[in-house]
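Asker: Quick one: the structure is below, questions incoming.
The values are calculated or read from the model by the stated rules, or taken from the named source; none is laboratory data. Computed from a predicted structure; not experimentally measured. Note: ideal-geometry Cβ built from the backbone for every residue, glycine included; neighbour counts use all protein chains shown. When the accessible area is computed, the model is the full protein with side chains, heavy atoms only, and any ligands, DNA or RNA have been set aside. Shrake-Rupley method; radii C 1.70, N 1.55, O 1.52, S 1.80 Å.
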Amino acid sequence: MKKYGIVAGIILVTLALAGTYLVYAGEPTDQIKKTTDKIIEIVKSPALKALDKEPERRRLIRKAVDEVFDWEEMAKRTLGRHWRRRSESEKEEFIYLFGKLLERTYLDKVEGYSGEKVIYIGERVEGDYALVKVKILTKQDREIPVLYRMKKKAGKWMVYDVCIEGVSLVNNYRTQFNNILVRSSFKRLIEKLKAKVGES
Amino acid sequence: MVEVVGLRLRNGKTICLIVLFVIMALVIPLSSMAAQESGNFALLPEALDLAEVADHSETLVLAARVEMAGGTSGESDSEWGDESITPPEFEEEEMVTYADPLEPINRIFFAFNDKLYFWLLKPIAKGYSKVVPEPARVGVRNFFSNLLTPVRVVNCVLQGKFKGAGTEVLRLIINSTVGFLGFQDVAKQEGHLKIQQEDLGQSLGVYGLGPGIYINWPIFGPSSLRDTVGMIGDAFLDPINYAVTRTKYNIAVKGYDKVNKTSLTLGDYESLKKAALDPYVAVRDAYFQYRRNLIKK
């Protein structure tokens with residue numbers, strides 16, 4: 001009988017492990033998946049493929065991205081302690097420009113989509129914060145690990161950082177912005193951002 | 001917890017296999033080079049039981065599950081490591097400053113490498129990619145990567161990642177034979193045996209050595225003091241440096257590897273530059289983040 005107890009124990013432990021494993025496919029992952037699928041659909045859509053459809057295509061992608069990206073939280077974190085000293089209008093302008101900068105970069109990447117596969121690895125949740133791990137399989141047989149950092153905002157999971165191969169986008173921009181801010185001024189940073197997104 | 005014991009037992013077995021395979025690993029690259037000449041694939045291991053390989057990967061999956069449930073750490077990419085879920089308050093976000101006393105010189109070399117890329121490397125890689133189809137270029141990349149197995153095996157061992165070392169040896173054996181001298185990554189496709197990205201810079205990092213100052217080498221690109229030492233050390237484990245000893249041929253082979261690699265990543269550097277306000281700072285930060293992440297794994 002004792003033997004059966006051990007066997008039962010093993011089964012229970014296995015189930016428990018499998019359980020924790022399976023439970024981790026919740027809302028944050030769904031959110032990422034929904035947006036990713038939507039974007040892939042837009043990029044693949046034959047109706048939107050034509051060159052003159054580019055503005056329309058870009059608008060649709062930006063819309064899909066806006067639904068899941070928390071630009072304000074991202075912008076805040078790229079400024080860190082420099083955020084609080086800014087006026088409301090400065091903050092607003094900064095969020096706008098930062099969004100534009102990422103949009104350009106992100107859209108270029110997305111537009112180059114050529115059948116890469118996205119694999120959902122798992123997620124972890126802690127209160128209002130979550131991590132979602134994804135892997136992108138490129139055509140060239142490479143795997144690119146991507147980690148989404150998410151925050152629950154008004155009941156919805158929103159992305160506030162993306163780490164690609166361990167490199168956090170927000171941290172990378174914070175280092176760049178801080179470098180400019182300590183050497184010159186916020187005004188200079190805005191100028192540089194404007195020049196970069198072609199609005200100066 | 002029996003699973004954990006099971007893992008240990010398998011580990012023991014794996015270690016025995018490793019010892020065996022390390023010996024074979026020394027023999028096989030040479031033999032497969034000879035095999036290339038004669039077209040003789042007698043070394044193709046009939047004895048190689050793919051089921052066992054699959055079994056091995058199952059162990060890794062199981063290990064990953066144990067880890068995900070908060071168990072021990074190991075080398076699996078499902079591992080979460082010490083990744084914190086809740087971030088610091090935005091004001092407390094770290095303002096990272098790196099030791100970069102050589103910045104003026106580094107920036108000169110950065111500009112040099114930039115021109116090197118746009119004026120030389122990129123046009124060559126572009127022309128090359130027009131002539132050689134992508135699958136072939138992926139094959140060449142795999143071939144060079146396979147040659148560097150000794151670097152990864154030794155550094156897995158240096159970091160106590162014996163399972164990783166075993167995986168690398170298995171990969172070498174499978175890919176050098178069934179994978180046609182490493183051109184095909186059969187081990188990954190069929191056996192889910194993934195490359196173990198390890199080098200001496202990381203091993204030193206695991207031992208607690210910090211990166212030291214940032215160095216942007218001409219031609220070689222971003223590095224740190226620690227990783228430069230690592231790069232030199234690893235060069236002693238690079239078979240090409242033993243097989244091709246004439247400097248000009250060695251440079252030719254390495255140059256070809258570089259052109260081939262570049263042909264597969266065209267556009268990456270461009271988009272990084274486009275997204276950055278200060279490309280030099282962006283690359284430096286990305287380098288440190290990337291390396292820190294690799295060491296953590």
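Asker: Across the residues of B:89-101, average count of Cβ atoms on other protein chains within 10 Å?
Answerer: Whole-number average of other-chain Cβ neighbours for B:89-101 is 5.
Asker: Enumerate the residues in segment B:136-175 having an amide nitrogen under 20 Å from the point lying 7 Å beyond the Cα of B:Trp217 toward its Cβ.
Answerer: B:144-156
Asker: Less than 13 Å apart at the alpha-carbon level, and either on another chain or at least 8 residues along: which aspartates and glutamates does that give for B:Lys258?
Answerer: none
Asker: Which pairs, out of A:Lys76/A:Lys100; A:Lys135/B:Lys194; B:Lys130/B:Lys248; B:Lys161/B:Lys261, put more than 18 Å between their alpha-carbon atoms?
Answerer: With Cα atoms farther than 18 Å apart: B:Lys130/B:Lys248; B:Lys161/B:Lys261.
Asker: Taking 40 Å² as the minimum loss, tell me which residues in segment A:159-173 lose that much accessible area going from the chain by itself to the full protein complex (1.4 Å probe).
Answerer: Residues losing area: A:Glu165, A:Gly166, A:Val167, A:Asn172.
Asker: Hey, another quick one. Using the Kirkwood formula over every pair of different C-alpha atoms, what hydrodynamic radius in Å results for chain A?
Answerer: 19.3
Asker: Per DSSP H run of at least 4 residues, take -39500 (n - 2.57); add these up for chain A, divide by its residues and hand me the 222 nm value, nearest 500 deg cm²/dmol.
Answerer: Result for chain A, helices only: -19000 deg cm²/dmol.
Asker: Mind checking which aspartates and glutamates have their C-alpha under 13 Å from B:Lys273, skipping anything on the same chain fewer than 8 residues away?
Answerer: A:Asp108, B:Asp114
Asker: At 1.4 Å probe size, with every protein chain present, just tell me what the per residue accessible area of segment B:159-250 comes to in Å².
Answerer: With all protein chains present, segment B:159-250 gives 45 Å² per residue.
Asker: How high is the FRET efficiency between A:Glu88 and A:Lys63 when r is their beta carbon distance and R₀ equals 22 Å, given to the nearest 0.05?
Answerer: 0.30
Asker: Over all residues in B:266-272, what is the mean tally of Cβ atoms on other chains that come within 10 Å of each residue's Cβ?
Answerer: Counting Cβ atoms of other protein chains within 10 Å of each residue's Cβ and averaging gives 2.
Asker: Which residues in segment A:157-171 have a backbone N closer than 12 Å to a point placed 7 Å from the Cα of A:Lys109 along the Cα-to-Cβ line?
Answerer: A:161-170
Asker: How much accessible area is lost when chains B and A come together, counting both sides, with a 1.4 Å probe, in Å² rounded to the nearest 100?
Answerer: Interface between B and A: roughly 5100 Å².
Asker: Highest first, please rank the peptides A:130-137, B:168-175 by the mean number of other Cβ atoms sitting within 10 Å of their residues.
Answerer: The peptides rank, most packed first, as B:168-175, A:130-137.
Asker: Given Cα pairs under 8 Å that are at least 6 residues apart, what percent is the relative contact order of segment A:2-197?
Answerer: 20
Asker: With the full set of protein chains in place, find how many percent of the accessible area of chain A is carbon and sulfur; take the probe as 1.4 Å.
Answerer: Summing carbon and sulfur atoms, their accessible area is 57 percent of the total for chain A.
Asker: Count, for each residue of B:276-284, the Cβ atoms from other chains sitting within 10 Å of its Cβ, then give me the mean as a whole number.
Answerer: 5
Asker: Grab the Cα-Cα distance for B:Asp238 and B:Thr97, subtract it from 0.36 nm times how many residues apart they are, and report the gain in nm with one decimal.
Answerer: That works out to 47.4 nm of additional length.
Asker: Run the numbers on segment A:79-96: which residues show a drop of 20 Å² or more in accessible area, chain on its own versus all protein chains together, using a 1.4 Å probe over heavy atoms?
Answerer: Residues losing area: A:Gly80, A:Arg81, A:Arg84.
Asker: Could you pull out the trypsin sites (Lys or Arg not before Pro) across segment A:33-94 that fall in loop regions by DSSP (anything but H, G, I, E, B) with no more than 13 other Cβ atoms inside 10 Å?
Answerer: For trypsin sites (Lys or Arg not before Pro) across segment A:33-94 that sit outside H, G, I, E and B with at most 13 neighbouring Cβ atoms in 10 Å, the list reads A:Lys49, A:Arg84, A:Arg85.
Asker: Same structure, new question: How many nm is it between the label spots at B:Lys273 and B:Val132, if each spot is 7 Å from the Cα in line with the beta carbon?
Answerer: Between B:Lys273 and B:Val132, the simple spin-label model gives 2.3 nm.
Asker: If you don't mind, there's one more thing I want to ask. Which of the residue pairs A:Lys44/A:Lys194; A:Lys192/B:Lys297; A:Lys187/B:Lys274; A:Lys53/B:Lys188; A:Lys44/A:Lys133 have a Cα-Cα distance greater than 29 Å in the structure shown?
Answerer: Too far apart for the 29 Å limit: A:Lys44/A:Lys194; A:Lys192/B:Lys297; A:Lys53/B:Lys188.
Asker: Measure nothing but the geometry: give the 0 to 90° angle between the long axis through the Cα atoms of A:169-183 and the longest principal axis through the Cα atoms of chain A, rounded to 10°.
Answerer: It is inclined by approximately 30 degrees.
Asker: Moving to a separate point now. Quote the FRET efficiency, to the nearest 0.05, computed for B:Arg292 versus B:Thr247 with a Förster distance R0 of 30 Å and r equal to the Cβ-Cβ distance.
Answerer: After rounding to 0.05, the efficiency reads 0.30.
Asker: Once the other residues with Cβ under 15 Å from the Cβ of B:Lys115 are scored (Lys, Arg +1; Asp, Glu -1), what is the net sum?
Answerer: Overall, the nearby charge balance is +1.
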